[in-house]
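The values are calculated or read from the model by the stated rules, or taken from the named source; none is laboratory data. Every value quoted in this text rests on a predicted model; they were computed, and no experiment measured them. Here Cβ is always computed from backbone atoms with ideal geometry, including for glycine, and neighbour counts include all displayed protein chains. Calculation scope for accessible area: heavy atoms of the full protein, side chains included, ligands and nucleic acids excluded. Shrake-Rupley method; radii C 1.70, N 1.55, O 1.52, S 1.80 Å.
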Amino acid sequence: MSETRTDQTGIPLIDAEEDFAPTPAVAAARRSLIAHPAFLLLGIVLASLNMRAALAGVSPLMGEIGDHFHLGAATSSLVTTIPLAFMGLGSIVAPRLARRWGTEAALCGALVLLAGGILLRVAPPVAALFVGCALVGTAIALLNVLMPGLVKRDFPDRAAGMTALYSTTLILGATGSAASAVPLENALGGWQGSLASWSLLALIATAVWVPQAVAARRGTPHGAAAAVAKHAAGDGPKLSRSPLAWQVTLLMGTQSLIAYVCIAWMPTVFTDHGMSKGEAGMVYAFYTLVQMAGSFVVPMLAGRMRDQRVLAVAVVAVMTAGVTGLLIAPVAGAWVWATLMGVAQGGMLGLALTLMVLRTRDAHTAARLSGMAQTGGYLLASVGPFAIGAVHQVTGDWTLPIALLLVACAALVFLGLGAGRDRKI
């Protein structure tokens, strides 16, 4: 019997006379590399970078987009509102796609859809802009819903730490997109090139997930875990009858509403009060940057606590202070308000994502709760940018719109006190 030849990594080589048909040893060795935690971690990081970048880069360019298509304030807000609405609607189908095709394949498909939607947004007709926004929102919905279940499934003992990692990476992508939006516009000759450039990041992430999706379908340990979820599809608690599930859902929705109002209108608030466009873009980018501090620290703290109520109230208090400052002296203290709101916003996002894991007993229920929270949550959040834009258009200033954000902060206190209790669904 001839000795099996191996390459430098120890993987058996295939002889040409075997018609390139992999032996079981070859297939197992290759799948083990693809399913390695480090490779999976790389995939999670790259997917997370894409989960807000396509949206955050729009805000600094909102004026140019509106002028190009001759859109009013309320209509311009649809560029942010439409993705949010489809982030809610797309969340409904995400668990079904994962059960049918596997989590890895669904993630891979979402990244392809995201790249297509980003490119469609810059096509000439205004209809393409809105259709592209819908595709972007749907793709992000799939990523949003599938990630908590993936973390619960593959990193059950490090769920809080992994949630902190991907929520922080998510914000890093948003920060890079916001900060580079105007420079890319100048370098690439217009807002279209700036927005389109982020399709490259989605395609890079797709290239990492394709082999993982193929390996999962062929029976890697990750694929086996996905198969178990298929058989468990009909099992589990009735989430629509759980007050705790609704509290997590509304917490996710309310913090998302505040976040996307800021994404849509924060730079405009500053420029309408006399700040230059360049400085307003930098303050907004700084706001997204400091979110990483909250998104990393808060989930880590939450994972070490049995009860997260005090933590939730503390984070909302910081957010309330920032919003109040924005109402009273928007330009004079802009960097301070951006710091307070950014740290708190990142913390609330990280807490909401962590609670989806901590309030459930298994990966299947975590994925279902993630679907419910992000379906209802983003549908609620989609009202925010349009409503705030409409109120601003009617009143002619930003006093009442910002005051409405304080009402949302008050709601977050009560939702945090409910969702933060040490209970399981």
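Restricting to the stretch 263-296, name every residue that is more than 17 Å from the chain's Cα centre (by Cα), free of Cβ contacts under 8 Å to residues at least 60 places away in the same chain and within 16 Å of Gln345 (Cβ to Cβ).
Correct list: Val283, Phe286.
Among the residues of the stretch 375-401, what is the count of those that are surrounded by fewer than 18 Cβ atoms within 10 Å (Cβ to Cβ) and under 19 Å from Val136 (Cβ atoms)?
So the answer is 1.
Please go through the stretch 299-320 and pick out each residue that is open to solvent by 50 Å² or more (accessible area, probe 1.4 Å), in contact with a Leu (Cβ under 6 Å, 6 or more places away or on another chain) and under 25 Å from Thr399 (Cβ atoms).
Matches in the stretch 299-320: Val318 only.
From Thr75, Thr80, which residue is within 25 Å of Ile388 (Cα to Cα), at pLDDT below 80, crowded, with 20+ Cβ neighbours inside 10 Å and not aromatic (Phe, Trp, Tyr)? So that I can check it myself, show each step before the final result.
Values: Thr75 fails: crowded, with 20+ Cβ neighbours inside 10 Å.
So the residue among Thr75, Thr80 that is within 25 Å of Ile388 (Cα to Cα), at pLDDT below 80, crowded, with 20+ Cβ neighbours inside 10 Å and not aromatic (Phe, Trp, Tyr) is Thr80.
Which numbered condition trips up Met275, out of (1) open to solvent by less than 50 Å² (accessible area, probe 1.4 Å); (2) in a helix (DSSP H, G or I); (3) not polar (S, T, N, Q)?
Against the list (1) open to solvent by less than 50 Å² (accessible area, probe 1.4 Å); (2) in a helix (DSSP H, G or I); (3) not polar (S, T, N, Q), Met275 comes up short only on (2).
Gly63 fails exactly one of the following numbered conditions: (1) of a type outside the set (S, T, N, Q); (2) at pLDDT 80 or above; (3) closer than 13 Å to Ala181 by Cβ. What is the number of that condition?
The one condition Gly63 does not meet is (2).
Test each condition in (1) modelled with pLDDT under 90; (2) surrounded by 15 or more Cβ atoms within 10 Å (Cβ to Cβ) for Asp235 and report the one that comes out false.
(2)
Which pairs have Cβ atoms under 7 Å, sit 6 or more apart or on different chains, and link a residue in the stretch 402-425 that is in the same structural domain as Ala259 (by the TED database) and within 21 Å of His392 (Cβ to Cβ) to one that is open to solvent by 30 Å² or more (accessible area, probe 1.4 Å) and not aliphatic (A, V, I, L, M)?
Listed pairs, sorted by first residue: Leu406/Thr320; Leu406/Thr324; Cys409/Thr320.
Quick check on the stretch 85-97. Is at least one of its residues among the small types (Gly, Ala, Ser) and open to solvent by 10 Å² or more (accessible area, probe 1.4 Å)?
Yes, the conditions are met somewhere in the stretch 85-97.
Please count how many residues of the stretch 121-168 are open to solvent by less than 40 Å² (accessible area, probe 1.4 Å) and part of a loop (DSSP other than H, G, I, E, B).
4
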